[in-house]
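Here is the structure we will look at, set down as structure tokens.
We did not get these values from a lab; they are worked out from the coordinates using the rules stated. None of the values given here were measured: they were computed from a predicted structure. So basically every Cβ, Gly included, is an ideal-geometry build from the backbone, and we count neighbours across all protein chains shown.
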Amino acid sequence: MIIPVRCFTCGKVVGSAYPEYEKRVKMGEDPKKILDDMGFERYCCRRMIVAHADLIGEISQLG
């Protein structure tokens, strides 16, 4: 689905960082380094970005 706007645990805004994270991962960068560069220090926020499965493309084909 769509990445949540805020971290469920601490409330930090994470949704706006996902497109850059996804782009940099596709270019071959290390996810840990990307998250460190983007300022995500808490593991709860890191989890929100790393564990996100972008399914909107699959769902939109069904509707």
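With Cα atoms as the point set, the chain shows a radius of gyration and Dmax of 12.3, 38 Å. Extension gain for V50 to S16 (0.36 nm times residue separation, less C-alpha to C-alpha distance): 10.9 nm.
For a Förster distance of 30 Å, can you work out the FRET efficiency between the beta-carbons of E29 and Q61, rounded to the nearest 0.05?
On the way: r = 29 Å, r/R0 = 0.98.
That pair, E29 with Q61, gives E of 0.55.
Across the chain, the longest run free of exposed loop sites, meaning GluC sites (Glu not before Pro) lying outside DSSP classes H, G, I, E and B with no more than 15 other Cβ atoms within 10 Å, spans 1-28. With unit charges on the beta carbons (Lys and Arg positive, Asp and Glu negative) and the dipole taken about the Cα centre of the chain, which residue among V13, L55, I34 sits farthest to the positive side? Working it through, the farthest residue towards the positive pole turns out to be V13.
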